[in-house]
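The values are calculated or read from the model by the stated rules, or taken from the named source; none is laboratory data. Since the structure is predicted, the reported quantities are computational estimates derived from the model, not experimental observations. Virtual Cβ from ideal backbone geometry, glycine too; neighbours counted across all protein chains shown. For accessibility, only protein heavy atoms count, side chains too; no ligands or nucleic acids. Shrake-Rupley method; radii C 1.70, N 1.55, O 1.52, S 1.80 Å.
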Amino acid sequence: RAQLAQEEVDAARSKAEREEVKAAEARKAKKRASRSSRDDAPRPNPKLEVLLVGARDLPKMDMLLGKCDGYVRITVGEQEEKSKTVIRSYNPVFGQRFVFEVPPLVDRVTMGVYDYDMIGSDEFIGSVEEPLLSASTQRNKLLKRDIFHETAKRKKGNGVLKFKLRWL
């Protein structure tokens, strides 16, 4: 009898252990499933803020009035935004904020500087390309970059663009 009772106890114990192992495996599987569904969920693209401060020393572009009517086209990936146009100024102040969603594999922001012309097409003054890494390494610092154009009209360049970059 004692041996029979012991066998029943052992059988009940091993059944309880098997159920406990099954429950632990089910908890692990559930945890893995929730983790993988989180990883598979689409993540929103990071947002980049571009604060366009202004420009300095833009070249004379208009023959009649002699001053520059500058504006900037900012491009991140396929997205493009246009600043306001500052009329008759070599040193325009924009003071505008733009926010872009940065898609994967995009690694730079491009800013093209133009002179608005009422008659005919606008003239390209030059551009600035800045790596997006600057948004992390130069966070909230005022960046001053030379405006580059292969066929610059002036020997001293086409001016300087001032802006800030930061991740939101």
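Results, tabulated for the structure shown:
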| quantity | calculated |
| --- | --- |
| For Leu58, solvent-accessible area (1.4 Å; no DNA, RNA or ligand), Å² | 0 |
| Under Karplus coefficients 6.51, -1.76 and 1.60, residue-wise ³J(HN,Hα) of region 50-57 in Hz, glycine/proline x | 10, 9, 8, 7, x, 9, 10, 6 |
| In nm, spacing of pseudo-spin labels at Lys67 and Asp107 (7 Å Cα→C-beta vector) | 4.1 |
| Within the accessible area of region 96-168 (1.4 Å probe), percent carbon and sulfur | 53 |
| Cα centroid separation, region 12-29 to region 75-151 (Å) | 62 |
| Whole-Hz couplings from phi, Karplus 6.51/-1.76/1.60, listed for region 158-167; x for Gly and Pro | 10, x, 10, 9, 10, 7, 10, 10, 7, 7 |
| Pairs beyond 20 Å (Cα-Cα), from Lys60/Lys164; Lys60/Lys141; Lys47/Lys82; Lys67/Lys164 | Lys60/Lys164; Lys60/Lys141; Lys67/Lys164 |
| Gained length - Asp122 relative to Arg166, 0.36 nm times residue gap less alpha-carbon distance | 12.9 nm |
| Accessible area, probe 1.4 Å, largest first, for residues Asp57, Asp122, Asp146, Asp115 | Asp146, Asp57, Asp122, Asp115 |
